[in-house]
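Laboratory data are not the source of any read-out in this text; all were calculated from the coordinates shown. Not measured: the values here are computed from a predicted model. Positions of Cβ are backbone-derived with ideal geometry, glycine not excepted, and every protein chain shown enters the neighbour counts.
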Amino acid sequence: MVTWIGKTLSSSIGKKYVMALSGLALIGFLVVHLAGNLQLYLDPQGLAFDEYERMLSANPLLIVAEIGLFALFAIHVFYALKLSVQNREARRERYAIRATRGERTIASASTLITGVALLVFLVIHVWDFRIAKMSAEDGFSLAGIVRARLERPVGAGIYLLSMIALALHLSHGFQSAFHTLGLKHPRVNPLIQKVSIGLAILLALGFASFPIYFLFTRGAR
């Protein structure tokens with residue numbers, strides 16, 4: 001059993017399956033994360049969002065969820081880099097794979113670049129909010145920290161550029177995951193493509209709305 005798993009994960013198709021499943025799981029997290037963040041809009045003081053944050057922090061399973069999320073992201077990045085290296089070493093195979101996926105697009109051609117950009121953004125994001133939360137005094141407001149970061153042009157700019165990268169990455173990655181898992185047919189491919197692009201736009205715009213909102217309401221309390 002262990003040998004079979006090892007052989008599967010070491011194969012090209014096995015790596016693609018892991019990439020697809022971990023990617024879909026991360027998209028699920030983004031949906032949940034965005035839903036939670038939308039509570040920033042419920043009141044100008046951010047009380048609802050702070051209460052939501054306290055509820056999450058009080059849950060003993062939070063650390064398990066965070067470790068699982070980190071593991072998912074690490075696995076996704078690891079196999080993405082492995083596949084990229086393998087494809088560069090076997091150029092003919094890489095072209096054959098791309099040929100089966102249809103025409104090359106900006107999103108598909110920039111998948112690795114946008115992935116690296118999102119990794120850099122994640123490090124900045126965690127540093128900005130997680131570290132700030134750990135070093136804050138009792139009674140701090142996470143909503144206030146979010147506002148302080150995103151109402152600054154530099155912070156908002158980094159966030160918005162990262163959401164462009166997210167839209168490009170998801171618009172290709174979502175449909176690619178379904179194709180890898182075998183959900184590929186001329187009749188359903190256009191639908192999967194539309195859903196992929198629509199989901200990418202909705203998530204990117206949802207997250208991008210926060211820096212835009214805080215920029216335009218800067219100074220308002």
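Below is a table of values for the structure above.
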| quantity | calculated |
| --- | --- |
| Partner lysines for LYS82 [C-alpha distance under 29 Å; skip if fewer than 8 residues away on the same chain] | LYS7, LYS15, LYS16, LYS184, LYS194 |
| Longest exposed-site-free window of the chain, the sites being GluC sites (Glu not before Pro) in a DSSP loop that have at most 14 other C-beta atoms within 10 Å | 1-102 |
| GNM flexibility winner over the chain from LEU40, LEU191, LEU142 (Cα, springs under 10 Å) | LEU191 |
| Among THR180, THR114, THR105: highest mean-square fluctuation, GNM of the chain, C-alpha pairs under 10 Å | THR105 |
| Residue among PRO190, PRO44, PRO60 with the largest mean-square fluctuation in a Gaussian network model of the chain, springs linking Cα atoms under 10 Å | PRO60 |
| Efficiency of FRET between ARG187 and SER209 - r from beta-carbon atoms, R0 35 angstrom, step 0.05 | 0.50 |
| Span-like helix ranges in the chain, DSSP H, alpha carbon extent 18 angstrom or more, Kyte mean at least -0.5 | 12-37, 62-89, 111-125, 153-180, 189-216 |
| The chain: mean projected area of Cα convex hull, nm² | 14.5 nm² |
| Potential extension, ALA35-GLN86 segment - 0.36 nm per residue separation minus Cα distance | 14.6 nm |
